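Engineer: Below you will find the structure I want to go over with you.
Bear in mind that the values in this text are calculations on the coordinates, not laboratory data. No experiment lies behind these values; they were computed from the predicted model shown. Because the Cβ atoms are built from the backbone with ideal geometry, glycine has one as well, and the counts that use them run over all protein chains shown.
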Amino acid sequence: MYVEVDRGRCEGHGLCGERAPTVYGLDDEGYVAFAYEGRRVPKDSEEAAAAGAGVCPVAALLVRWDA
Ligand code: SF4
């Protein structure tokens, strides 16, 4: 799976990183930093990536299971 990060939507709430700190965090500017941006999420991190995306209040993290 892939997670597409829409930086234009991210408001830096940090909820994704609280839910899934192994894959999400905040960058120096206070916006989401994703460990696997632009590349396939390893199988053992898929659950965390999906869970973190699911709690984003502005839908800035789009999970794509088909890719
Ligand atoms: S939860 Fe959403 S708005 Fe908050 S840092 Fe993560 S991607 Fe950005």
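Engineer: Determine whether the range 14-23 contains at least one residue that is away from the ligand (no atom under 13 Å from the Cβ) and without any contact (Cβ under 8 Å) to a residue 24 or more places away in the chain.
Structural biologist: no
Engineer: Next up: Looking only at the range 30-45, decide whether some residue is within 8 Å of the ligand (Cβ to nearest atom) and touching a Lys or Arg at 6+ places or on another chain (Cβ under 8 Å).
Structural biologist: Yes: one or more hits.
Engineer: Please determine, by comparing only the residues of the range 52-67 that are over 12 Å from residue 4 (Cα atoms) and part of a loop (DSSP other than H, G, I, E, B), which one is nearest to the ligand (Cβ to nearest atom).
Structural biologist: As a first pass, look at the range 52-67 and keep what is over 12 Å from residue 4 (Cα atoms): 52, 54-58, 66.
Filter once more, so that each one left must be part of a loop (DSSP other than H, G, I, E, B): 55-58, 66.
Details: 55: 6, 56: 3, 57: 6, 58: 5, 66: 21 Å.
For the range 52-67, the residue satisfying everything is 56.
Engineer: Determine if the range 32-43 includes at least one residue that is surrounded by 14 or more Cβ atoms within 10 Å (Cβ to Cβ) and in contact with an Asp or Glu (Cβ under 8 Å, 6 or more places away or on another chain).
Structural biologist: yes
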